[in-house]
1. Could you state the angle between the C-alpha long axis of helix C:193-209 and the longest principal axis of the C-alpha atoms of chain C, as a value from 0 to 90 degrees rounded to the nearest 10?
2. Evaluate the Debye formula for region A:257-390 with equal point scatterers sitting on the alpha carbons, no solvent, and hand back log10 of I(q)/I(0) at q = 0.09, 0.15, 0.19 Å⁻¹, in q order, two decimals.
3. Please report A:Asp323, C:Asp168 as a ranked list, fewest other C-beta atoms within 10 angstrom at the top and most at the bottom.
4. At 222 nm, what value in deg cm²/dmol follows for the protein assembly as shown if DSSP H runs of at least 4 each add -39500 (n - 2.57) and the sum is divided by all its residues, to the nearest 500?
5. Highest mean first, what order results for C:154-167, B:161-174 on Cβ atoms within 10 Å?
6. Calculated FRET efficiency, B:Val117 and C:Leu258, Cβ-Cβ r, R0 35 Å, to nearest 0.05?
7. To the nearest 10 degrees, how steep is helix C:7-35 against the longest Cα principal axis of chain C, on a 0 to 90 scale?
8. Sort the following peptides by mean Cβ neighbour count (other Cβ atoms within 10 Å, averaged over residues), highest first: A:360-372, C:137-149, D:117-129.
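What follows is calculated from the coordinates using simple rules that are stated; it is not laboratory data. All values derive from a computational prediction rather than experimental measurement. Every residue, glycine among them, receives a Cβ derived from its backbone with ideal geometry; neighbour counts consider all protein chains shown.
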Amino acid sequence: MSAAVELRGIGKSFGETRILEEIDLAAAQGEFIALVGPSGCGKSTLLRIIAGLEQADEGAIALDGRDVTGLRAADRDMAMVFQSYALYPHLTARQNMMLPLAMRRLNATQRLPLVGRFLGSARSILEEMARDVEQAAATLKISALLDRKPAQMSGGQRQRVALGRALVRRPQAFLMDEPLSNLDASLRVHMRAEIVELHRRAGVVTIYVTHDQEEALGMADRVAVMMNGRILQIADPMTIYREPAHLDVACFIGSPRINLLPLTIDAAGRGICGGQVLVERANAAQGERVTLGVRPETLVVHAEPQALSLKVAVTRFEFLGSDALLHARAAGLDAPLIAKLTPAMATLLQHHGELHVSAAPEACLLFDADGQRIAGTQTSALPASFGRASHAA
Amino acid sequence: MLRDGPLREDLMPEVLPPEDLPPRGAPRDAARGEIDRHEARAAWLLSLPTLVLMLLLLVLPCAALVALSLTDAELGVPEMHFLGLDAYLNLLTDRDFIRSFRNTAVYVGLVTPASVVLGLVLALLIEAGTDLRAFFRSVFFLPVVALTVAMASVWQYLMHPSFGPINLMLKLVGLPSVNWLGSSDIVLPALALIGIWQAVGFNMVLFLAGLAGINRDLYAAAEMDGARSAWSRFWTVTWPMLGPTTLFVVTITVINAVKVFETVATLTQGGPAKSSDVLLWTIYQEGFVYLHVGTASAMAVVFIVVLMALLLVQTRILERKVHYT
Amino acid sequence: MIGRLSPPARAARLALLLLLAGIVTFPFLFMISTSLKPQSEVFASGLALVPQHWSAAENFAKAVTRIPMARILMNGVIVCASIVVFQIVFALPAAYALAKLRFRGREIVLALVILGLLVPIHAISIPLYAAARSLNLLNTLSVLVAPFTLSVFAIFLFRQFIKSIPDDLILAARSDGLSENAIVWRIILPNAWPAASAFAIFSVVAHWNDLYWPLISISKTELATPPLGLLFFRAAEAGDDYGALMAATVVITLPLILFFLAAQRLFIEGMTMTGLKG
Amino acid sequence: MKTSLKRLLAPLALLLAAGLSTFGATAAEITVHYPMPGFFKTVMDQIAAEYMRQHPDVKITFTSPSPTYEDGLQLMLRQAGTAEMPDVSFIGLNRLRVLAERNIGIDLTPFIKADAKIAEEGFSDRLLALARFNGKQMGLAFATSNPIFYYNADLVKKAGGDPDHPPKTWDEVFALAAKINALGDGVTGMAYRWQGDDWMFSALLFGHGGTMLSADEKKVAFDGPEGLASLKLIDRMVKDGKMPALTSDATVQGFTAGKIGMFFWTTGALRSIINGTGSKFELRTAPMPVIDAAKGRLPTGGNAAVMFTTDPAKQKAVYEFLKFASGPFGASVVVPGTGYVPNNDLAAKDDRYLGKFYQENPLFRAGLNQMNLMIPWYSFPGNNGVKVTQTIVDNLAQLVEQKTTPEETLKSMTAEVQKLLPR
C-alpha cells in the first residue's frame, strides 16, 4: 500500500531566503505525524505546500500514490484546521460546516442564493449535507452551537467548529496548523486527547504542525523535527527523545533543556571537560570538538568526587511538585547545568555548596562538531541511569 | 480608522448599546462611591470644553434654525412673521426646492454606487499584485487632496464644449461631442463624473484598509473548502468580510455627495435652468443671496431631517447584515 | 493566492491600473500643461500637451499678482492649522472621558456626539452667520476657525481609538499619581498619535477645501482661503484666461498635494492602525 | 500637563495673533466694492491710483469684487448695517431701485444741490436721472452700455459673407449663421448671450417696443405680442441659427477662440473680448440688428457709483471720489478700458477726452452709434428682483434647450414672474 501522503525533495524559497530544503516525508494511511520545530523553521510553509496553498519550487507530492504536485488546494481533498480557526464570521457554525460540502457537492447553479435551494436536484443533496453536519456536530458535541456565529462562541467552541468543518468533509487527510495554540493551558491538554481520539476514529492521515514539543510527543505516532527548512529527524516520540539524531533535536526536545558540555578528546579517545574526564570512550579522534549532552533526569549527582565526575557549585533550587531542579555551575562553563531529581533528594543536596555530577556512559549523548550524533555511545533501550542517580550521595 | 475601525463599527449603528466599561475587580463599598464620584467629576471637567462648544456650535444653532424656519425672516428686514408649519407646507409646493431635492437625489444616486464599486475594484486590483502598489495608491488618492474648486476650474476646461480635451478625444474616436455643463440633461451626470473622480480614491483607501484587515487564513480556508476561482473566493470571503467597510464607505460617500456644493458653485451655479440646483446651493441662494433666512432655515431643517432619516434607515437595514457579532 | 500572479495576469493588472491612473491623472496633466500655454494656444492647441510657445512665466506671474496669492495661501495654513489644533485639544479629553471614565450622563453626551455627526455645518450656517454678524466677527480669520473648533468626528475617532488602549496603562498612570488631565496629555496623546495624524490629514483636507463657509463669511480678498481666492481670481479674469487660471490652480493645489505626499505614509499607517485596533 | 498644553498652544497663539490683526480703518480710508472684476479690475485700479495721486491724504482699498451685479447687490444687502459695509459700491443700474426702496445707501441729492460746479463737470440732469429713483439720487452713473453685434470677419468671409456689410436684420443674421454653420469643423454660426441676467432678453423685448411690466408695475406686460415675438426670435436663433445651449463662459470662450461666427452681447465686454481674441481672427463690431425701426429701443446696461458710508466726515471725501470716478477722467479710463459708452455726447466728440480714441478705434463705435436708442434697464419693484431675473433666465434656458415652445415659455415665465411681484 502506498503512503497516504508522500513528499519527495520539496524545496521552497521566498526571494533570496531558502525556506525549505530537500524535504522527504512519507506518512502511512491513518498515521498521525507531528511537524515540530521553532518558529520560522518552515513547518507551516511545508504544511501549506502539502495543502496546495503554496507551490513548492522543487519536489513532488503524492496523495495515495497519485501525484498532486500541480493541483490546487481545492482539488486535493484535504481539510485544514488553522491556528486562527479561519471560521467565516458572517456564517453560523452550521453554515461554516456546510460551506465545504456545498462547494464540492453542489454545482454553480445549485449554489445560487435563494434560487438554488428550490432546484429539485439540490434538495436531496442539501438534506444529506444537513445530516452530515448534524452528525459531525454530534461527534464534536457542538450540536447546541450550530446556529451561533463565531463571535458568539468561546475559543474552545470555535476550535471545535473548525475541527467540525474539517471533519464533515471526510477528507483524505487532515492538516492542522497549530490548532491548539490559541487555547488556554488546561483546555489545550484536554483538546489534545480529543483530537487524538478523533484521529483514531476517522482513521485518516493527519499532519499536525506545532511548536510545542509536548504536544508533538504526546499526540503523534511519529514526530518530524524541523529546523532551518530541513527535517532533522523523523521517528517515533521515544526515539526522538532518547536518540536524537542531531544536537539541535536534542536541544529542542525535552524540558528542561538537555545539559550541554563541550568536550575535548585526548589521545586515548576520552572526553574531557574542565580538566575532568567525563567520557571514557568517545568514538572521536583526538582534538575533535565534541559536545556531550546529558538529559537533566540522567545527570547523576554526588556529594563527593567520583570517577568521571565534574565539580559544580549549586546556584539554585527549584521545586516543581513532583520533581525538583537543581541548578549548578561548573567552572569554565557558561551555561548552568540542571539536574532533575526527586524533591527529597534535591532538598538534601541543596545546601551542599559544592557537588559533583556525572552521567552513565549509556546516558551520554555525544555530538560531533557538525551537531551529528556520534553513534555507539548509547546502547540500552532504557534510560541508563534510571533509578540509580540519587543513591550516590 | 477604518477597518475593524471606529467608524464602521459605531458611526451610526449602536445608537448606544450597553457600554463596555473598564473592568473593575473590587466589590462595591463605601470607598468605591468616593472613587466613582471623583471619576465622574474628572469626566465632566474633561468634557466641559467640548460640552460648551457643543452648546454654542451645535445645540443653540440647531434650535435657532428650527425657530427661524417657522418664520418668514429676511436678513436686514427687522420685522418678521410667525408662519408655523405653513413654512414647511410652502416648501412642499415650492417647485424649485423639490427640483433641487430631486437633483441632489439623482447626484447621490449616481456618485455613490459608481464611486463605491470603482473604489472597491481599484483596491482589489492594487491588492492583487505587488508591482507599483504605493505608486497607484498615491495616484488614485490625488483627486481627494486636490482642491475641489481648483479642480472644478480644470474640469470646466476639460469639459468645454468646443475646445475641451474631452470632446476633442470623443471626436478622435468618432463620437459626437457632448455639451457637458450647458445641457440640462447632461449637467448632473457631468457633475457626478467629477464627484466620482474625487470620491473614488478615498473609497479605495478605505477598502484597502478593509482588505488589509482580512485574515489571510480565511482565503486559505476557502481554498481548502473548494473555492477554486478568484470569483468564488471573492464572494465567500472578501465581500462578506468587507461588509462593515462597505457600509462605512457607502455612508461616508452618501454624506459627502449630499453635501455637494463646490462644483455647483464653481461650474454651473445651479444652471442651466436650475437643472443642477442641489440642496446646499439652494439653501445658500435662498439664505445668503435672496436673504430669505426663514425659508432657507426651513430648507436646512428638511435637509438635516432627510439626511438623518437616510442614514438611520440605511444603517438599520444594512447594519444587521454586515455585523457578525 | 495573493501577491503571486501568473505573468499574463500580472501584465493585465498593471495595464488596467495604468490606464485607470492615466484617466485619473488626466485633469492634472492638462492643468499643468495649460498653465504653461499662452492664451491663444489654450483654445487652439487641441490635445497637445507641450506648448509651442511657453508662457509659464507670464501665467504664473499673473497667478501670484492678480490676487495676493501668498497671503491667501498663508490664510489657508493659519486657518487649517488652528482648526486642527483646536479640534484635537478639545476632542481628546472628551473622547478620553467617553471611552474610559464612568459618569452619569455619558450616554447622553455620546448621543449628542452621534447626533452632531449627522448635522453638517452647512445646514446650521444661517444661525452661525447671524451670530458672527452680530458679534462683528465677519471678515476675520477667527470666524473661519471658530465654528470648526468642535469636531464630533474627532471625538468619535479618538474615543474609538482610546477604547483600545489597555485599561492597565491608565491604572498604572493613576497609581503613578497622574491626574486624569495629565493622563490625557501624557499617556493618551502620545499613544493616540497615529489616530491624531490620520485625523489631522482629514481635517486639513476638508477645511483647505471648504468653500461654503468662507464664501459666506469672508468678502475681503486679503482674508480669503485658497478656494475663495481662486474664485476671486476666476472672477477677475472673467474666466477666459485659462493659462493664468490654471497657473493659479496649480499654485493653490500644490501645497495640499505636497503635504499629502509627505504625510502619506503616516496617513496610511494611521488609517490602518486606528482601523485594526478599533 | 502644563508644559504639554503650553507647547501645544504656543504656536497656535502665534498663528491666531497673526490672523486676528484685521485692518484697522483710518478716517481717510475709503473702502470700495465693485462687480465684474473681469471688466473693471484694471479700470478701477487706474482710477484709484490716479485719485490717490491727486489726494495723497486718502487711501482707497478694494474689497473683493463680486462676479455679477446681482451678487454685488445681494452682498450690499447682506452687509447693510454691519461693519463690513463698504463706503462705496458700484451697483447695477437695474438694482438701484432695491436700495432706494430699502433705504440702503445715501441719497446724493443734498450733495448735488450744494455742489455748484456739478453741471460744468459734465453731470447733466439726463445723466443724473439714470441713477434716480422716486426722487432719490441713489448714485452717479459710472459706466453705461448697450448691446452690440460682434462678429468674426474671418469666418464671415470664409462662409461667403461680406464682412464690410454685416447683417442688418435678424433674417440676414440667420441666413449668414446657416452659411457659417455649414463650414463644419466645430464652428457655430451665432450665439446670443441670454444667460446671466434679463438684459439681453430685454434688448429683444425693447427692440420690439415692449415693456417688462404694466405702467402701474402690478402686472407682467411682456406676455403680449412683443414678448412672444422676442421669444420666437430666440427660438429661431436655435432652430435657424443653430445656436447651441452653452454656458455663458463657454459662449464667450467659444467666440474668442474663433469657433463662433456672430455674437451678441454688451459693448462693455469689448475690451476683454479684444484681449481674448488676440490675433486669432479679425474681430469686428456692428450695431444690433434692427427689429422695430420706429418703437425699437435698447436697454442701458451699466452701473452707478453709490455711497454707503453714514459717517458725515467721510461722506465728503466719498462724494468727491464718486464724482471723480464718474466724471471725465473716469470716462476716459472706462471707455477704452472696457468698451462702455461714455456718459455724455460731449466726451465722445471732444478730442480732449475720447474723440480721437473713437476715430482710431472703430470697434468701439458700434455702441456709441446706438446711444440714441438707449432707455433704462428695467428695474423690478419689491424684494424679489434678483429672483425675477433668475426666473427669466431659467425660462430662456428651457427654450434654448428646446424643451419648451416660445408659447409655453411665455406662459410659464409670465406666471412665475407674476408670482414674484409685490402684491
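1. 40
2. -0.24, -0.67, -1.05
3. Going from least to most buried by this count: C:Asp168, A:Asp323.
4. Working: 56 runs with 702 residues, N = 1419.
The per-residue figure over the protein assembly as shown is -15500 deg cm²/dmol.
5. Numbers: C:154-167: 22.4, B:161-174: 16.9.
Those peptides, ordered most packed to least, come out C:154-167, B:161-174.
6. Numbers: r = 31 Å, r/R0 = 0.87.
E between B:Val117 and C:Leu258, to the nearest 0.05, is 0.70.
7. 70
8. Working: A:360-372: 18.4, C:137-149: 21.4, D:117-129: 13.7.
The packing order, highest mean first, is C:137-149, A:360-372, D:117-129.
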